[in-house]
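The values are calculated or read from the model by the stated rules, or taken from the named source; none is laboratory data. Just so we're clear, the structure is a prediction, and the values are computed from it rather than from any experiment. Backbone-built Cβ (ideal geometry, glycine too); neighbour counts: all protein chains shown. Accessible surface is based on the protein model in full, side chains and every heavy atom, while ligands, DNA and RNA are left aside. Shrake-Rupley method; radii C 1.70, N 1.55, O 1.52, S 1.80 Å.
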Amino acid sequence: MISRVEDKINSASDDSEVGLLEDRGYDKIYKNAHYLFLGSGEGEMSRLKGYHEQEIHATFPALFLYYGVPGLFLILLWLYRSLSKAPLNQQLVFMALFLESCTLANQRQLLFWGVIILMSKVRKREELTEENN
């Protein structure tokens, strides 16, 4: 793991042929900017211009390219409504989860979305319990 992190740091800092942004697939965003409004859809990454044919290796930038402005807006609105009234200790958990999503593609991970849904349901139940008391 340490050598992998060292490789990433070295590729970002030296004058290597491939930069960190290209290695992570971020170049697909600016090389395919015409998809940002309505989205490109998921799958068949070879049709997108970029350094490699793999997907973008970060959750929210990938969702932006795949679903465009309307899709990303709906996802962010749902996240805001689901998590905005959560207590600070729960919000810190989500901040860590979203920070990790800057480096990993979590958009198809059940656990990523499951934690968000579970916490929003717990918050709703707590609100209903408070209203009944």
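Descriptive notes on the structure:
- Modelled spin labels at residue 90 and residue 37, positioned 7 Å past Cα toward Cβ, are 3.9 nm from each other.
- Lysine pairs with alpha-carbon atoms under 12 Å apart, the stretch 1-125, spacing 8 or more or separate chains: 4
- Signed unit charges on C-beta, dipole axis of the chain, positive-most listed residue 35, 58, 87: 87
- Within the chain, longest stretch clear of exposed trypsin sites (Lys or Arg not before Pro) (DSSP loop, no more than 15 other Cβ within 10 Å): 1-48
- Share of pairwise Cα separations in the stretch 33-84, more than 14 Å, in percent: 54 percent
- Of the residues 26, 80, 66, the one that moves most in a GNM of the chain with alpha-carbon contacts below 10 Å is 80.
- For the chain, built as a Gaussian network whose Cα springs stay under 10 Å, the top-fluctuating residue of 104, 83, 74: 74
- Just the protein heavy atoms count here, and of the accessible area of the chain at 1.4 Å, carbon and sulfur take up 62 percent.
- Taking the convex hull of Cα positions in the chain, its mean projected area over all directions (nm²): 10.1 nm²
- Taking the Cα centre of the stretch 84-133 as reference, the dipole from Cβ charges on Lys and Arg (+1) and Asp and Glu (-1) amounts to some 180 debye.
- Protein heavy-atom accessible surface, 1.4 Å probe, per residue over the chain: 68 Å².
- Put a plus charge on the Cβ of each Lys and Arg, a minus charge on the Cβ of each Asp and Glu, and nothing anywhere else: the dipole of the chain about its Cα centre is then about 620 debye.
- The helix-only estimate of mean residue ellipticity at 222 nm for the chain, built from DSSP H runs of length n ≥ 4 each weighted as -39500 (n - 2.57), is -20000 deg cm²/dmol after division by the residue total.
- Using alpha-carbon coordinates, inclination of helix 88-100 to the longest axis of the chain, degrees: 20 degrees
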